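Have a look at the structure below before the remarks.
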Amino acid sequence: MKIGLLSDTHCFIDSHIYEHFVQCDEIWHAGDIGNLETANKLQQFKPLRAVYGNIDGYSLRQIFPKNLLFTVEGMCVLMTHIGGYPGHYEREIYPLIVENTPDIFICGHSHILKVMYDEKLKFLHINPGAAGKYGFHNVQTIIRFDIKDKKIDNLEVIEMSKDFQKELT
């Protein structure tokens, strides 16, 4: 299964996302979607699994959960928006991580791309950075990867526009 992973779109879907995710089977969104229209655009393009983020309003919180635990191709995935990173997980999510011990832990919020293995808890931690235009990040990033036979393969970090901040001024 080919996955397209993004976070922190904040109501904006860069047209390049569709190009990069055209071969994906599903899109996973780690929160701060922004509005229902943005979620609908993604759902119309590919099946969407998502969690709500801290900027997401009532309508999105009624559709998407705060935390999402699921299994794909034999791998347990835990996704949330505000999760922290290895050694510094958010207090609220840490018990859920320990109780469920995912193979992949996905979060967003920081707008900082991180892909790292948690040696202590033995899982892959992924934060895809920010795909939207709003925030302090300088590069829009998304991630694409395959899950097959209980393994992640072909993980790609994709940088999109580096000058989108200029477009805002």
**Prompt:** Which number gives the lysine pairs in the stretch 41-169 that have C-alpha atoms under 20 Å apart and are eight or more places apart or on different chains?
**Reply:** 13
**Asked** Considering only protein heavy atoms, what is the solvent-accessible area of Cys11 at a probe of 1.4 Å, reported in Å² to the nearest 10?
**Response** 70 Å²
**Prompt:** Taking the Cα-to-Cβ direction at Ser59 and at Glu156 and moving 7 Å from each Cα, how far apart do the two end points lie in nm?
**Reply:** 3.3 nm
**Fill in**
When the charge dipole of the chain is computed with +1 on Lys and Arg Cβ and -1 on Asp and Glu Cβ about the Cα centre, the Cα farthest towards its positive end, among Ile93, Asn40, Ile126, belongs to Ile93
**Request:** Let me know the Rg and Dmax you get for the stretch 48-142 when you use only its Cα atoms, in Å.
**Result:** 13.2, 38
**Fill in**
The ratio Rg/Rh over the Cα atoms of the chain, Rh being the Kirkwood inverse mean 1/r radius, stands at 0.94
**Fill in**
For the stretch 1-81, listing chymotrypsin sites (Phe, Trp or Tyr not before Pro) in a DSSP loop whose Cβ sees at most 13 other Cβ atoms within 10 Å gives none
**Message:** How large is the accessible surface of Glu37 in square angstrom, using a 1.4 angstrom probe and rounding to the nearest 10?
**Reply:** 110 Å²
**Complete:** Residues meeting the amide H criterion for Lys114 (H placed from the backbone, H to H distance under 5 Å, 5 or more places apart or on another chain) are Asn127, Gly129
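At 0.36 nm per residue, and after removing the present C-alpha to C-alpha distance, how many nm does the segment from Lys122 to Gln44 gain when stretched out fully?
Working: separation 78, 0.36 × 78 = 28.08 nm, distance 3.49 nm.
That works out to 24.6 nm of additional length.
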**Asked** Amide H neighbours of Ala50 under 5 Å, counting only residues 5+ apart in sequence or on other chains, H built in-plane at 1.01 Å?
**Response** His29
**Complete:** accessible surface per residue for the chain, probe 1.4 Å, DNA/RNA/ligands not counted, whole Å² -> 49 Å²
**Message:** Between helix 36-45 and the chain, what is the angle of the helix's C-alpha long axis to the longest principal axis, kept within 0 to 90° and rounded to the nearest 10?
**Reply:** 80 degrees
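The values are calculated or read from the model by the stated rules, or taken from the named source; none is laboratory data. Nothing here was measured: the structure is a model prediction, and the numbers come from that model. In this analysis, Cβ positions are derived from the backbone assuming ideal geometry, glycine residues included, and neighbour counts consider all displayed protein chains. With ligands, DNA and RNA removed, areas are computed over all heavy atoms of the protein, side chains included. Shrake-Rupley method; radii C 1.70, N 1.55, O 1.52, S 1.80 Å.
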